[in-house]
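Nothing in this text is a laboratory measurement; each read-out follows from the coordinates by a stated rule. Please read all numbers here as calculations on a predicted model, not as lab measurements. All Cβ positions, even for glycine, are placed from backbone atoms using ideal geometry, and neighbour counts span all protein chains on display.
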Amino acid sequence: MQDFFKNLVSGISVWDAIDVAIIAFVLYKVLGFIRETRAEQLIKGLLILVIATFFSGIFHLNALNWILKGTMQFGVIALVIVFQPELRRGLEYVGRSKLFRPQFAIMDKENIKAMVSAIVKAVDQFSVSKTGALIIMEREITLNDFAETGVILNSDLSTELLGNIFYVGAPLHDGAAIIRGNRVFAAACVLPLTRNKDLPMELGTRHRAGIGITEVSDAVAIIVSEESGIISSAFNGRLTRFLDIKTLEKNILNMYLSSQEDSKKASVLSFFRREKHDVSK
């Protein structure tokens, strides 16, 4: 027995260990991604189908085995169709590049604070007056497809502009405003609704659209209820309700300033890599 384990261990190289570690890491990430989406239930159904196919072959249930195998042949195409939203989200996550940063990443702190103050003041006013609002803050994934469903503004961000956009009866109030950097890029935009069926019934289209856009992108949504004035935010498909204005301001500032720090770190790393390359010459 000792010789068996000794031969087994001696036959494993460093590259074999690295290979297994990479596969384990990828599987861990995939399983973690699946658990956060509706794909979890679909994967369970697929596993049941595979197990049923295996046992039908063992017990010579020929007719059932033939049907299940035929179903499995079209399984790949079916998975692509059924998992289309999850696949898109996953590929976008993998493909996010640190080389291209959003506009706010290159803004100085004073401009960031002024811009966040304008957003927070507008949201506070909406909450007090119970004005429905849906503000989408674009991050690394651009939202041009959704911006084109509304009206392109590309205007300087201000409390007054947001107030005019979401003023009841205004032409652009029915839809979402997309913030790109320190500018209001578009308004009256149509967003995809979430497919999450576990949400409370009192949440209307505005909240479901706010959650939906964060399921297909890395954007942050700020929602103000027109019925109650409650302030909510959504990120990565998850909704946080009953936010006070101070907490909202802190969260937005942290997001903008952390993105700025990431951009600086990326620039420094790029500089040192370039310097190292020049020295090597």
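Data for the structure
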| read-out | value |
| --- | --- |
| Fewest-first ranking of 230, 22, using other Cβ atoms within 10 Å as the exposure measure | 22, 230 |
| Lysine pairs in region 103-264 with Cα atoms under 16 Å, if 8 or more residues apart or on separate chains | 8 |
| Ascending count of other beta-carbon atoms within 10 Å, so fewest first, for 167, 28 | 28, 167 |
| Projected area, mean over directions - region 103-264, Cα convex hull, nm² | 8.5 nm² |
| Label zone at residue 218, where the point sits 7 Å out along the Cα-to-Cβ direction: region 143-169 residues whose backbone N lies under 15 Å | 143 |
| Footprinting exposure proxy for 173, 207, 60 (fewest neighbouring C-beta atoms within 10 Å first) | 60, 173, 207 |
| Label point distance in nm, residue 167-residue 64, each placed 7 Å from Cα along Cα→Cβ | 6.9 nm |
| Cut-off 14 Å between beta-carbons: net charge of the residues surrounding residue 209, Lys and Arg +1, Asp and Glu -1 | 0 |
| Lys, Arg +1 and Asp, Glu -1 on Cβ, resulting dipole of region 197-256 about Cα centre, debye, nearest 20 | 100 debye |
| Cβ-derived FRET efficiency at R0 25 Å, residue 130 paired with residue 241, nearest 0.05 | 0.95 |
